[in-house]
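The structure appears below as structure tokens.
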Amino acid sequence: MTTQTTPVDHELIEAAAHIARTRCRGDNHTMAAAARAQDGRIVTAVNAYHFTGGPCAELVVIGAAAAQGVHDLHTIVAVGDRDRGVVPPCGRCRQVLLDYFPTLTVIVGHGDRVRTVPISDLLPESYVWADHQLDAE
């Protein structure tokens, strides 16, 4: 695991918190995510809960980013509705985030213990899908 300290992007947390406060209503949308691209743009999204396993906010933000031409995310955070604060990504999201963006950082923790960590620290000794793909030629 990495011990390097990365500054916390409080603007990104507030962007996700704002979406959670203003767009998450009812059981279908209970989480918001915000991601910062390498060029500084912020992309936001909400989850699409469904009993069959609808996508988490982190996965929706990947699609929203791609639709906006953003393919190089730098940092991501998820925030729960009803002022629950920062929520760490689930296992599926950790794997997808690692596969799509191996150098991504993730904001985790609560209150004054919020910190930024590499996605690889959240899924140590993991299978990396990109490592096993054939070279595109």
Problem - Scan of region 38-47 for residues that are open to solvent by less than 40 Å² (accessible area, probe 1.4 Å) and of a type in the set (A, V, I, L, M, F, W, C), ordered by number - result: V43, A45, V46
Problem - Subset tally (residues that are touching a residue at least 40 places away in the same chain (Cβ under 8 Å) and among the aliphatic types (A, V, I, L, M)) for region 100-119 - result: 3
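Among the residues of region 21-37, write down those that are part of a loop (DSSP other than H, G, I, E, B) and open to solvent by 60 Å² or more (accessible area, probe 1.4 Å).
The answer is R25, D27, N28, H29.
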Handout entry: strands (runs of 3 or more DSSP E) wholly inside region 51-137 that include at least 3 residues being touching a Lys or Arg at 6+ places or on another chain (Cβ under 6 Å) and surrounded by 12 or more Cβ atoms within 10 Å (Cβ to Cβ)
Key = none
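The values are calculated or read from the model by the stated rules, or taken from the named source; none is laboratory data. These figures come from a predicted structure and were not determined experimentally. With ideal geometry, Cβ positions are generated from the backbone for all residues, glycine too; neighbour counts draw on all protein chains shown. What goes into the accessible areas is simple: the full protein's heavy atoms, side chains included, and nothing from ligands, DNA or RNA. Shrake-Rupley method; radii C 1.70, N 1.55, O 1.52, S 1.80 Å.
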